[in-house]
Amino acid sequence: MNSNLLAYSSQTIVSSLPSIPSSSSIPLNNNKQQKEKEKEKKKKKKNVLLSDLIYLIIFIPICYLCYYLPSFYIESFDYLFDTSKYVLWISSIIIGYTYVNLVTESRDYPFYCRNKTHRDFIQLLIILTLMYFIAPSKALMGNSNGDSTTTTTTTTTANQTFIYNYVTYFIPYFIAIHFTYLDHNLLVLRKAGHKLGTPSLWKTYNFQEIIAIVPMILLVLSLLTWHLYLIAINGLWKYYLIVYGTVLSIVLTINYILAKTHYLHIHHYIIFGSLIPFTAFNNALSSFCLGVATGITVEGVSRWSMAKLWYPGIRTFK
């Protein structure tokens with residue numbers, strides 16, 4: 001009797017304990033989670049590709065109709081303002097910014113950055129509007145092309161202008177706003193690019209990272225060299241030397257002062273944003289470079305915000 005009662009009690013206690021999954025069930029759960037992640041990843045990829053097609057189609061009438069916007073001459077500044085170029089430029093920035101937020105980042109609000117504020121969007125519009133007068137006003141094609149400081153212009157047709165701007169500027173720009181999204185699964189390239197913006201991490205480059213980043217650096221340097229040649233033959237090198245020399249001196253001075261307590265990280269939106277003024281020439285290659293540089297700049301601000309240059313502590317990369 002007692003033995004039966006003891007056996008029954010033992011069985012009741014054991015049955016009431018929470019079940020512990022066997023070691024064989026853990027891999028099954030992991031596999032299930034992995035499959036769900038892969039399924040979600042494929043779904044997002046399809047959504048991105050569909051959104052790409054929609055955005056590319058949306059910009060077709062914008063790019064074409066901008067041609068018919070009137071230009072006007074500002075006599076007090078002796079400047080011919082080509083409205084068609086400016087609207088095209090600012091429209092691409094707005095479209096690219098909203099694309100990153102709504103599509104690749106899956107955010108609810110189109111004009112936020114990761115800090116959930118529209119401040120960075122407004123700052124970006126102001127900065128790139130000022131940059132318009134340096135490079136896009138010359139690299140893009142409008143209904144009045146030529147020297148923007150005179151009333152002398154050369155006329156192009158709506159079809160010529162559309163093909164030039166859409167092919168040489170907008171398509172490279174649209175590809176470039178996928179900058180971080182495209183390297184999401186390329187850990188080596190992502191690490192190499194991140195280290196490039198942090199001088200204190202240059203000594204940590206390994207062989208694979210060097211192989212990944214060197215071709216990109218050589219391509220950028222070759223395009224930059226060609227534009228420096230254009231700057232030189234057009235007698236503009238003094239202006240670029242003064243501005244970029246001054247900015248670089250300020251950055252190096254601040255970095256020297258803060259070196260013991262902070263590390264410098266130059267975000268990709270700053271690197272490529274600083275290259276935009278070099279594309280101030282009316283040719284297809286300059287328009288292409290303008291598109292790429294602008295796209296990466298807009299993507300960087302939209303995804304990461306206008307982050308600061310110096311951070312406290314010592315930077316490590318895991």
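The values are calculated or read from the model by the stated rules, or taken from the named source; none is laboratory data. Quick caveat: nothing in here was measured; it's all calculated off a predicted structure. In this analysis, Cβ positions are derived from the backbone assuming ideal geometry, glycine residues included, and neighbour counts consider all displayed protein chains.
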Would you check which residues across the stretch 237-294 are part of a loop (DSSP other than H, G, I, E, B) and within 28 Å of Asn143 (Cα to Cα) and list them? Ser274, Leu275, Ala280, Phe281, Asn282, Asn283
Condition first: over 22 Å from the mean Cα position of the chain (by Cα) and modelled with pLDDT of 90 or more. Can you find one or more residues in the stretch 110-128 that meet it? no
Counting only residues that are in contact with a helix residue (DSSP H, G or I) (Cβ under 6 Å, 6 or more places away or on another chain), in a helix (DSSP H, G or I) and not small (Gly, Ala, Ser), which one in the stretch 122-146 is surrounded by the most Cβ atoms within 10 Å (Cβ to Cβ)? Pro136
Inside the stretch 60-116, the number of residues satisfying the requirement of being aromatic (Phe, Trp, Tyr), over 22 Å from Leu130 (Cα atoms) and part of a loop (DSSP other than H, G, I, E, B) is 1
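Here's the yes/no breakdown for (1) touching a residue at least 40 places away in the same chain (Cβ under 8 Å); (2) crowded, with 17+ Cβ neighbours inside 10 Å; (3) on the phi > 0 side of the Ramachandran plot:
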{"residue": "Leu80", "(1), (2), (3)": "yes, yes, no"}
{"residue": "Tyr86", "(1), (2), (3)": "yes, yes, no"}
{"residue": "Ile90", "(1), (2), (3)": "yes, no, no"}
{"residue": "Val100", "(1), (2), (3)": "yes, yes, no"}
{"residue": "Ser106", "(1), (2), (3)": "yes, no, yes"}
{"residue": "Tyr109", "(1), (2), (3)": "no, no, no"}
{"residue": "Tyr112", "(1), (2), (3)": "no, yes, no"}
{"residue": "Lys116", "(1), (2), (3)": "no, no, yes"}
When the stretch 299-314 is examined, which residues are found to be among the hydroxyl-bearing types (Ser, Thr, Tyr) and either within 14 Å of Tyr112 (Cβ to Cβ) or modelled with pLDDT of 90 or more (or both)? Ser302, Ser305
The number of residues in the stretch 295-318 that are among the small types (Gly, Ala, Ser) and assigned to a loop (DSSP other than H, G, I, E, B) is 3
Exactly one condition in (1) modelled with pLDDT of 95 or more; (2) farther than 26 Å from Ile217 by Cα is not met by Thr155; state its number. (1)
From the list Ile217, Ile213, Ile314, which residue is surrounded by 11 or more Cβ atoms within 10 Å (Cβ to Cβ) and in contact (Cβ under 8 Å) with a residue 24 or more places away in the chain? Ile213
Would you pick out the residues in the stretch 194-210 that are surrounded by fewer than 13 Cβ atoms within 10 Å (Cβ to Cβ) and either touching a residue at least 60 places away in the same chain (Cβ under 8 Å) or under 22 Å from Ser274 (Cβ atoms) (or both)? Trp202
